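Here the structure is laid out as structure tokens; the discussion comes afterwards.
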Amino acid sequence: MKKKLNILIFTLLIFTFSIFIAIGKCHAHLYRLADKSTPTFEEMINDLKKAQIIFIGESHDNPAHHRAQLQIIKALENSGTKVAIGLEMFRSDSQKYLEQWVNGKMSLHQFMNIFNDNWSDFNQYREIFNHSYFKKIPMIGLNLSRSITRQVARNGFKSLSKKQLNELPIVTCNIDPAYEKFIKRALGGHANEDVKFQYFCEAQLLWDNVMAENLIAFLDKNPDYSVVVIAGSGHAWKHGIPARIKDRSEYAFRVILPEVIGRSEKGLVTEADTDYLLLGVDIAPLH
């Protein structure tokens with residue numbers, strides 16, 4: 001009897017382990033908005049190779065989104081594409097540190113201090129930064145000082161000093177209805193306060209415009225590269241940085257967003273928002 005019980009327990013353990021293995025092998029599947037189809041991963045990569053800029057949105061604290069980003073970066077590399085990585089989470093004034101990291105001139109401890117000065121939770125991005133280190137993939141700091149965007153969000157673009165204004169693109173809150181809806185949702189209870197909306201809108205557009213200009217500057221100097229941009233979905237969707245790219249250049253881009261229940265799930269978004277949806281990744285709020 002005891003022997004039969006042990007065999008039963010062993011069988012159940014094997015069965016449970018098999019389920020976990022199967023779950024571990026499951027991958028997000030894709031949805032293409034242009035023709036409402038479900039392409040293979042390889043078909044998507046072949047399409048991405050046609051673009052100079054590939055935006056991959058994320059919820060910053062969602063590990064599944066970062067795994068998907070790294071998977072796409074590796075696939076593009078394996079296809080022969082010369083890849084660089086653009087980072088929302090790094091300021092452009094930290095560019096020299098990114099270059100030191102990629103070129104092996106900075107220890108992990110030193111680099112983590114730099115990362116923490118720019119962003120938070122290095123572990124979320126560790127595998128991407130490690131891959132860039134070992135493969136010598138250029139990384140581009142796209143962002144500007146958070147103190148500037150905070151000031152604009154609180155007091156408006158005109159509150160900046162003359163020196164700051166001379167170094168930044170001029171922004172006005174001239175946006176399409178979809179982006180206006182996104183900003184009002186982000187503002188929550190303050191959405192109907194005209195001044196708060198105006199200032200927050202200016203801050204968001206300043207953010208997008210600066211990142212767009214830094215992307216274009218890199219590609220103008222390095223036209224043989226394609227840049228994979230890692231950014232929050234609120235910046236990566238077509239109404240964000242891509243729209244600013246379109247205003248300034250003819251660089252082709254593609255946008256990939258993770259599915260977010262109630263906001264960017266299949267059936268709620270269109271080709272005006274993104275080119276591809278990643279379905280089946282962990283669901284998290286839109287940042």
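Couple of notes before you dig in:
- For the range 29-279, average projected area of the Cα convex hull in nm²: 13.4 nm²
- Counted by Cβ distance under 15 Å from residue 97, the other residues give a net charge of 0, where Lys and Arg count +1 and Asp and Glu count -1.
- Neighbours of residue 150, meaning other residues whose beta-carbon lies under 14 angstrom from its beta-carbon, give a summed charge of +3 when Lys and Arg score +1 and Asp and Glu score -1.
- Around residue 131: net Lys/Arg minus Asp/Glu count, Cβ-Cβ under 14 Å: +3
- Label separation (residue 100 vs residue 246): 4.0 nm, computed from points 7 Å beyond Cα along the C-beta direction.
- At R0 = 45 Å, FRET efficiency that the Cβ-Cβ distance of residue 165 and residue 279 yields, to 0.05: 0.55
- Too-long pairs where the Cα-Cα distance tops 27 Å, listed order kept, from 50/74; 50/181; 196/221: 50/181; 196/221
- Segments 135-142, 159-166 sorted - mean Cβ within 10 Å per residue, highest first: 135-142, 159-166
- Excluding same-chain neighbours fewer than eight residues apart, the aspartates and glutamates reachable from residue 105 by a Cα-Cα span under 19 Å are 93, 117, 127.
- Residue separation of residue 221 and residue 35 scaled by 0.36 nm, minus their Cα-Cα distance, works out to 63.5 nm of gained length.
- Peptides 54-63, 176-185 ordered by average Cβ neighbours within 10 Å, highest first: 54-63, 176-185
- Computed extension gain for residue 43 through residue 71, at 0.36 nm per residue and net of the alpha carbon distance, reaches 8.6 nm.
- Spacing of the modelled spin labels on residue 127 and residue 184, each 7 Å from Cα toward Cβ, amounts to 3.9 nm.
We did not get these values from a lab; they are worked out from the coordinates using the rules stated. These numbers were taken from a predicted model, which means no experiment stands behind them. Note: ideal-geometry Cβ built from the backbone for every residue, glycine included; neighbour counts use all protein chains shown.
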